[in-house]
Amino acid sequence: MATRERSWAEPYKIKMVEPLRMTTREERERALVDAGFNTFLLRSQDVYIDLLTDSGTSAMSDRQWAGMMLGDEAYAGSANFYHLEAAVQRAYGYRYVVPTHQGRGAENILSKCMIQPGDYVPGNMYFTTTRAHQELAGATFVDIIIDEAHDPSSPHPFKGDVDMAKLDALVERVGPKRVPYVSVAATVNMAGGQPISMRSLREVASYCRAKGIKVILDATRAVENAWFIKQREAGYERKSIAEILLETCSYTDGCTMSGKKDLLVNIGGFLALNDKDLYDRASNLVVLYEGLHTYGGLAGRDMEAMAIGIHEAIQEDHIRARIGQVEYVGERLAREGIPIVKPIGGHAVFLDARAFLPHIPQTSFPAQALAAELYLDSGIRSMERGIVSAGRDQKTGENHLPKLELVRLTFPRRVYTQAHCDVVVESVAEVFANRERVRGLKMVYEPAVLRFFQARFEPLPL
Ligand SMILES: *Cc1c(COP(=O)(O)O)cnc(C)c1O
């Protein structure tokens, strides 16, 4: 007899709650003008369901909170550092660990250690802070992701894969000595949380090893990537998430990590490396930018929470529910006919703002306008991932015009319930029904770096 299908449910129960504040439309109108139509500039008190980011916004477990009480706040040689180091070595397999206050701290140190001015750093699509640190160190970023990644309607199961012809063309053009490392992200945030396959990682590794080029993993969401490999790549169905994660890292020489994502903490990150020389330089530089190499800008308690978070992140029931929740929202939106990036990514559902608002040209910031409208409708906060995030070309000063013009609905881990998810779907559907009323925007203030965080806008006439 066939058993009836059972819904999955959150693999935890709630022990402590944080009340949410609901606002009126008038209050939201005022808040949005004060924020210059930039959701980054809204006050959290004015937000109902906060899908701005999954960075540092996840709920810690009772065990992590208990770990916070075990903080060894010694300046040097904290016990929590050794717990963290052992947890990273066990789960990710790298030899040396340098804690940093968050991911960009690790990116800064890595870029300073590895890049010479005039170098090229290829990557499977850029990430904002990663590319900014590469450029600050004097490198030029080169996108080597497969073309499908730039097409929101392509159903490719591994849109994070590297196009080996693009990588080889760069190396042939500038020579391997000008390419200190290849930067591979798993999953690819800017492509919509899309995974890279093990096959592609293996190919990159063998190519780079032959040429003496290092491979550095952005491991921020490598656990989510492992989940997709398990679901989609032949030969991995029966492997555990822990095994897949270790194999992923085995094709790389080190990683930068934002613990604020996969690792279920509110702050923290690390740089992990296999090369002793490189580690020595990194642990020397970290003293200058973050703190001693056994705390790297973190309190002992933060390192303890991250060490415990590593253990929790790789549990199958956790990762199934985490990605299952995102999938639930994405599938419901797709059923409403709302244009989203497919396949649905690991940490977020991405609305395709070009298809959603075809009457707004890219230079009038359709994704920014859509994020603002969604907030106005229901108090849900999302984020622009399009022309504003892409910034300007360093040399020409012209706007980058990315093919993807997206609004990201990002889900913090273990924070919102399925009922919250339903409210999100209802609000997006409402905005979609009235989409022709949404106006484009004009940028009235533009910061010099990472402009999406602080830029201000005004609505254009309809
Ligand atoms: C968040 C993130 C970073 C940067 O990490 P922070 O902790 O925010 O500094 C780097 N890469 C990816 C893919 C990220 O998602």
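The values are calculated or read from the model by the stated rules, or taken from the named source; none is laboratory data. These numbers were taken from a predicted model, which means no experiment stands behind them. Positions of Cβ are generated from backbone atoms using ideal geometry, with glycine treated the same way; all protein chains shown enter the neighbour counts.
Within segment 187-223, the set of residues being within 16 Å of the ligand (Cβ to nearest atom) and acidic (D, E) comprises D218 only.
Give the residues of segment 310-353 that are of a type in the set (F, W, Y) and either over 14 Å from E10 (Cα atoms) or in the same structural domain as A222 (by TED's automatic domain parsing) (or both), sorted by residue number. Listed by number, the list holds a single entry, F350.
In segment 57-70 there is no residue that is surrounded by 14 or more Cβ atoms within 10 Å (Cβ to Cβ), of a type in the set (F, W, Y) and touching a Cys at 6+ places or on another chain (Cβ under 8 Å). For segment 32-43, how many residues meet the condition of being part of a helix (DSSP H, G or I) and over 20 Å from the mean Cα position of the chain (by Cα)? Looking only at that region, the number is 3.
Residue-by-condition table, conditions (1) of a type outside the set (A, V, I, L, M); (2) within 12 Å of the ligand (Cβ to nearest atom); (3) part of a strand (DSSP E or B):
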residue	(1), (2), (3)
R238	yes, no, no
E247	yes, no, no
F270	yes, yes, yes
L278	no, no, no
A282	no, no, no
H293	yes, no, no
M306	no, yes, no
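Here are some conditions: (1) more than 23 Å from V184 (Cβ to Cβ); (2) assigned to a helix (DSSP H, G or I); (3) away from the ligand (no atom under 16 Å from the Cβ). D302 meets all but one. Which one does it not meet? Looking at each condition in turn, D302 falls short on (3). Within segment 47-70, the set of residues being farther than 22 Å from D422 by Cβ, over 19 Å from the mean Cα position of the chain (by Cα) and of a type outside the set (A, V, I, L, M) comprises S61, D62, R63, Q64, W65, G67. In the condition set (1) surrounded by 14 or more Cβ atoms within 10 Å (Cβ to Cβ); (2) under 26 Å from T248 (Cα atoms); (3) in contact (Cβ under 8 Å) with a residue 60 or more places away in the chain, L32 is compliant with all but (2). Surrounded by 14 or more Cβ atoms within 10 Å (Cβ to Cβ), over 26 Å from the mean Cα position of the chain (by Cα) and β-branched (V, I, T) - does that describe any residue in segment 414-430? Within segment 414-430, not a single residue is surrounded by 14 or more Cβ atoms within 10 Å (Cβ to Cβ), over 26 Å from the mean Cα position of the chain (by Cα) and β-branched (V, I, T).
Considering segment 312-338, and only residues there that are β-branched (V, I, T) and in a loop (DSSP other than H, G, I, E, B), the residue that is surrounded by the most Cβ atoms within 10 Å (Cβ to Cβ) turns out to be I314. A count restricted to segment 56-83 and to residues that are in a helix (DSSP H, G or I) and under 14 Å from G297 (Cα atoms) stands at 2. The set of residues in segment 186-214 being over 21 Å from G138 (Cβ atoms) and small (G, A, S) consists of A186, A191, G192, G193, S197, S200, A205, S206, A210. Count of segment 206-235 residues, restricted to those that are out of contact with any His (no Cβ under 7 Å at 6 or more places or on another chain) and buried (at least 19 other Cβ atoms within 10 Å of the Cβ), is 17. Checking the structure you have, find out if any residue of segment 252-266 is closer than 29 Å to A299 by Cβ, away from the ligand (no atom under 16 Å from the Cβ) and either aliphatic (A, V, I, L, M) or not assigned by TED's automatic domain parsing to the domain that holds M306 (or both). Within segment 252-266, none of the residues are closer than 29 Å to A299 by Cβ, away from the ligand (no atom under 16 Å from the Cβ) and either aliphatic (A, V, I, L, M) or not assigned by TED's automatic domain parsing to the domain that holds M306 (or both).
Taken together, M164, M125 contain a single residue that is modelled with pLDDT under 95 and within 23 Å of E247 (Cα to Cα), which is M125.
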